[in-house]
Each structure stands twice: as C-alpha cells, then as structure tokens.
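A short worksheet on the structure shown next.
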Amino acid sequence: MLHPQIASISATRHILKKFNLRASKRLGQNFLIDAEVVQKIIDAAEISEGDEVLEIGPGIGTLTQGLLEAGAKVTAVELDKKLPAVLQETLDGYENFKLIQGDILKINLSELMPQSFKVVANLPYYITTQILLTLLEKKLPIKKIVTMVQREVAERMTAQAGSKIYGAMSVAVQFRSDAKIAFDVEPKCFLPRPEVTSSVVICDVRENKFKIDDEEFFIKVVRSSFGQRRKTILNSLIGAGFSREKILKSLEISGINFERRAETLTIEDFVNLAKNLQEF
Ligand code: SAM
C-alpha cells in the first residue's frame, strides 16, 4: 500500500475536513468506509494484474485505491468538479490511474474504453438504472460489471419471470449477462449512511445467446410490454401503437396467450415476440 488506507471512517472524515467538503446528497455521495467491503468487491470482480477497469464515481478514491493495489488499470469518471483535486492527493503516486471529470451518461464510452474491460462501481443511487441500461445497451466490450446498488434494485436486476418485481430492468440485465447478488452491505459501511441496505451484484456479460438482429426494436417491445404493469400483454402493446391484429398473430406464433401479463414472459418469450412483431 503506497498510502494510508482511505477505507475507514477516520481517514474519510480527515479527507473531507481537509478539503472542506460535505458529501453531496444530490450527487448520491455515500462514501465507503469499510476496508473489508472494498476487498470483497475486488474479489467479486476477480481483479488481476493489468485488468482494464472503468470505475464510475470514484469519490475520494476509496474503491479506486483497492483496485489499484490489486494491479488494475483504472479509468474513473467523476462528475463532482471538487473531487479531482482530492483524488490527485489521495491517489498520488499510483500509476495506471486516469481520471475523467464528467458525466458518465454523457461520455463516449466506446472511445474511452475501446478494449475489453470490467466495470466496478459503488453507483450513485439516483441514476443507477440509467447507468446500467447505458452500459448494457451500448454493446461495449465489457466482460463483467460489479456494482453496488440498493438491495431493491439488485433484486429487480436478478428477478425471474413470474416474480412480482420482474420487469424491463430484469430483462435488460439478463438479456446480456448472467447476474447474481454477491453480498449485502449494511448502511453503517458508508459515510453518510444511506437509508437502505445495499447489495453488490455481479453481471458476467456473455456472448448473446439470444439471437436477435434488431436489439433496439427488442428493447422497445420489452419497455412497451411493461409500460402498464396491470394490463395484459395485448393491451400494453396496443397502448404502444402496434395494431391489434399484428399483436394477436405475433403472440399466437410465439406461443404466448394474449391474456398473459408482461411479468410472466421469459426473455426467450420476449425475443420470439419481438422477432414475430417485426416480421408481420
Ligand atoms: N466510489 C466512492 C466510494 O465507494 O466511496 C464513491 C461512491 S458514491 C456512492 C457515488 C459517486 O458517483 C460520487 O462520487 C458522485 O459524485 C459520483 N457521481 C454522481 N453522479 C455521477 C455521474 N453522472 N457521473 C459520474 N459520477 C457521478
């Protein structure tokens, strides 16, 4: 370790005080203060020497330090303009660290990360969904995504068809990856403490086993199907502008009863439905 470990309550308080900073609620700043959790995230990401890692929201560098110590080459994107000065000091001397000050949702990630990489992040909770969907839908060369999210989001990411919380997020995540909850993290592991329990989710991104030519259309069908949860799949798709006749025919060929609701459809069902809707 080149520097004193950042992942502790005393180090975090010291850094915040030194730079006259307060954790910003608006930016979803809950800094990790537990070294054991940092290590468990590094282990979950199976970091080895030379791994290219994109970190979203490095904050004061807590998780970043763990990643760099494990030998990763880290490119971090941080929105808060006050933090580059902090990171320059807390991560001073570490090679293989690159910081981009900006909004992860606006950055051109294909340009920034052209080679195979892993994403490791303690995500800002106010934009978790948008970030995950951006990562998954942009066809980036991602091998693995290991993220801290709210427990409730972790459950939605990994929910199976038939469960009440299964939705567009579950389909988007599992369409491109094998996702599982690795472990839970209690509020006391952060400064300030969030109101809810968090979970670390591992998404192993795979070659797509679902063959589909037009992924944008597939995503549109999934989103429209879950648009109004209590409606049948038929009515949701009519609401999204497809013709009744076209939907009924596509559902029949896909072997899906028109009275079913979106939350009962597996990813294969959605893939078949999208293909057939496009064909007729
Ligand atoms: N990685 C640090 C840790 O574990 O202690 C901080 C995690 S904190 C939950 C989320 C971080 O994301 C904050 O540093 C926040 O400023 C940053 N952030 C918020 N919105 C962002 C955005 N749109 N793009 C990049 N970073 C963002």
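With +1 assigned to the C-beta of every Lys and Arg and -1 to the C-beta of every Asp and Glu, and no other charges, what is the dipole magnitude of the chain about the Cα centre in debye, to the nearest 20?
My answer is approximately 1040 debye.
Using DSSP to call loops (not H, G, I, E or B), can you name the trypsin sites (Lys or Arg not before Pro) in the stretch 85-177 whose Cβ has at most 13 other Cβ atoms within 10 angstrom?
K106, K138, K139, K164
Against the longest alpha carbon principal axis of the chain, how many degrees, from 0 to 90 and to the nearest 10, is the axis of helix 267-279 turned?
Relative to the chain, helix 267-279 is tipped by roughly 60 degrees.
Within the P(r) computed for the chain, what percentage of the Cα pairs occupies the region above 23 Å? Let's see the in-between values first.
On the way: 21768 of 39060 pairs.
So the pairs more than 23 Å apart make up 56 percent of the total in the chain.
So what's the net charge close to L21: Lys and Arg +1, Asp and Glu -1, counting the other residues with Cβ under 10 Å from its Cβ? Working shown, then result.
Details: positive: K17, K18, R22, K82; negative: D80.
Here the charged neighbours net out to +3.
How many percent of the accessible area of the chain is carbon or sulfur, using a 1.4 Å probe? Provide the component values of the computation, followed by the final result.
Numbers: 6570 of 13900 Å².
On the chain, the fraction of accessible area on carbon and sulfur atoms equals 47 percent.
Check which residues have an amide H placed less than 5 Å from A182's amide H, if you skip close sequence neighbours.
Amide H neighbours of A182, under 5 Å, 5+ apart: V200, V201, I202.
Listed here are the pairs K144/K220; K211/K249; K118/K220; K139/K209; K118/K138; which of them are more than 19 Å apart at the Cα?
Values: K144/K220 25 Å; K211/K249 21 Å; K118/K220 27 Å; K139/K209 14 Å; K118/K138 15 Å.
In this structure, K144/K220; K211/K249; K118/K220 exceed 19 Å between Cα atoms.
If one computes the Cα centroid of the stretch 17-93 and of the stretch 190-209, what distance in Å separates the two points?
Cα centroid to Cα centroid, the span is 15 Å.
In µm²/s, what is D for the stretch 53-169 at 25 °C and 0.890 mPa s, where D = kT/(6 pi eta Rh) by Stokes-Einstein and Rh is the Kirkwood radius from Cα pairs? It would help to have the intermediate numbers written out before the result.
Working: Rh = 15.1 Å.
Translational D for this selection: 163 µm²/s.
For the stretch 158-204, what size does the Cα cloud have along each of its three principal axes, sorted from largest down, in whole Å?
Largest first, the stretch 158-204 extends 34, 24, 13 Å along its Cα principal axes.
So for the chain, taking the charge dipole from beta-carbon charges (+1 Lys/Arg, -1 Asp/Glu), which of V173, G241, A35 sits furthest toward the positive end?
The listed residue farthest towards the positive side: G241.
Using alpha carbons only, what's the Rg to Rh ratio of the stretch 168-280 with Rh from Kirkwood?
Dividing the radius of gyration by the Kirkwood radius yields 1.11.
Please get the size of the charge dipole for the stretch 158-280, origin at its Cα centre, with Cβ charges of +1 on Lys and Arg and -1 on Asp and Glu, quoted in debye to the nearest 20. Walk me through the numbers on the way to the answer.
Values: 19 positive and 17 negative charges, 81 e Å.
Once rounded to the nearest 20, the dipole reads 400 debye.
Averaged per residue, what accessible area in Å² does the stretch 96-253 show with a 1.4 Å probe, protein chains only?
Here the per-residue accessible area is 50 Å².
The values are calculated or read from the model by the stated rules, or taken from the named source; none is laboratory data. No experiment lies behind these values; they were computed from the predicted model shown. Ideal geometry is used to build each Cβ from the backbone, glycine not excepted, and the neighbour counts take in all protein chains shown. Remember, those area values only see protein heavy atoms, side chains included, never the ligands or the DNA or RNA. Shrake-Rupley method; radii C 1.70, N 1.55, O 1.52, S 1.80 Å.
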